[in-house]
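Presented below is the structure to which this report refers.
The values are calculated or read from the model by the stated rules, or taken from the named source; none is laboratory data. In this text the structure is predicted, and so the values were computed from the model without any measurement. Cβ atoms come from the backbone with ideal geometry, glycine included; neighbour counts cover every protein chain shown.
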Amino acid sequence: MEYTILGLLLMIIMLLYFKVANHFNIIDKPNQRSSHSEITLRGGGIIFWFSALLYFVQNTQNNYLFFTGITLVSLVSFWDDIQSLSNKIRISIHFLAITLIFYDLGLFSLVPIWGIVVAYILAIGLINAYNFMDGINGITGLYTLAVMGALLYVNTNIQLFIDGSFIKYGIIASLVFLFFNYRKKAKCFAGDVGSIAIAFWVIYLVLKLILVTNSLIWLLFLAVYGVDAVCTIGHRLYLKQNIFEAHRLHLYQILSNEYKIQHRLVSLFYALVQIAVSALVVFCYQKIQDLILFTVVIIPLLLVYSSKFYLLTRNNLRVKI
C-alpha cells in the first residue's frame, strides 16, 4: 500500500511539474547533435528528488547528509537545465555533495588518502557519465531499473546493507518517470536534474555496498554505462574534441541516429545487457576472484563498444555510395 500511494503522489507531482514547465517554458530544443527532433519538456527527472524528499520526511534520523547532497546536485542541475552554468560551478557542487556522502558512509576513516582520491574521481566521473548517457527515450529510466533492481536483489538475498525501502523509492520514481518518457514521443526528458540526481542516488548505494562487503565487484553494476562513457571520452580526446560539448559518438547515438533503430529498443538493449552483467556478478560473487570477474565482464563490453567503429565506417561507405 505504501508504494502504491507513493506512485500516485509522484504521478500527481509529475503532472503538476508539467504545468510549471509549460508556464516557464522549460523545454529541450533539438539541435543538429540531438537524438530527438521535437521540442519536449525538460526536467521531468526532478521526480527523483521528490521521491528522495518523501523518503527523507519519514526517515530524517538516518539520511540527512544524503538528502542534503542530492538536494545540492539537483538544485544546481535544475538551474543548469534552465540557464547554463559553468563547468567549474557544477563540478564544485558535485564535489561538495560527494564529500557529504563520503562523510555519511565513514569513508574518510575507513580508506587511505589515495583511496579517497580515487573514490572522488570515480564518483564524480560516474555522475557525469550517467548524465552523458541520458540522450534517448527510456535509457535513463530503464538502466536505473536494471541497476536498482540488482541492488535490491543483493540487499534482499545476499547482503543486507541498507533499508530496502530506500532502494524501492528510487525504483518507483523510475517507473513513474518511464510512464511519461518511455514512449515514441516522450512527454518529458529527465534533464540534468534527473540523470544527475539518480546517479547520485545509485552511487551512494553502490559505495555503501562496497564498504559493507569489502568488494569492488559491485562497480560492475554500472559497467555498461561506464565502458561506453569512458571509451567515448577517449575517442573524443583522440579526435581532439571538447569532451564537454554535445556530440553523437556514443554507441546508443550511432544506433539511434545513424542506423535509425527505435530509441526504445536501443534503451531496452542497454538495460538488458546490464541485467545480464549484474546477474553474472551476483552468480559469481565469492566464487571467483574479483580481478578475473572484472576481466570477464569488461573485455566483452569493450568488444561490443568497438563495434561502433565498424558501424560508423559502414554507414559512411553507404552514404558515399
- Task: Working carefully through the options 171, 167, 127, find the one that is in a helix (DSSP H, G or I), free of Cβ contacts under 8 Å to residues at least 60 places away in the same chain and either in contact with a Leu (Cβ under 6 Å, 6 or more places away or on another chain) or under 24 Å from residue 79 (Cβ atoms) (or both).
- Result: 167
- Looking at (1) free of Cβ contacts under 8 Å to residues at least 24 places away in the same chain; (2) in a helix (DSSP H, G or I), which is the one condition that is false for residue 176? (1)
- Message: I'd like to check something: does the stretch 66-86 contain any residue that is assigned to a loop (DSSP other than H, G, I, E, B), free of Cβ contacts under 8 Å to residues at least 40 places away in the same chain, of a type in the set (A, V, I, L, M) and out of contact with any Gly (no Cβ under 9 Å at 6 or more places or on another chain)?
- Response: yes
- Note on the structure: Here the qualifying pairs (Cβ atoms under 7 Å; residues six or more apart or on different chains; first in the stretch 278-300 and surrounded by 12 or more Cβ atoms within 10 Å (Cβ to Cβ); second among the polar types (S, T, N, Q) and not in a helix (DSSP H, G or I)) come out as 290/215
- Can you confirm whether the stretch 191-199 contains a residue that is acidic (Asp, Glu) and crowded, with 18+ Cβ neighbours inside 10 Å? yes
- Task: Only one of these is modelled with pLDDT under 90 and either part of a helix (DSSP H, G or I) or at negative phi (or both): 219, 312, 265, 272. Name it.
- Result: 312
- Do you know which residues across the stretch 87-121 are free of Cβ contacts under 8 Å to residues at least 12 places away in the same chain, aliphatic (A, V, I, L, M) and surrounded by 12 or more Cβ atoms within 10 Å (Cβ to Cβ)? 111, 118
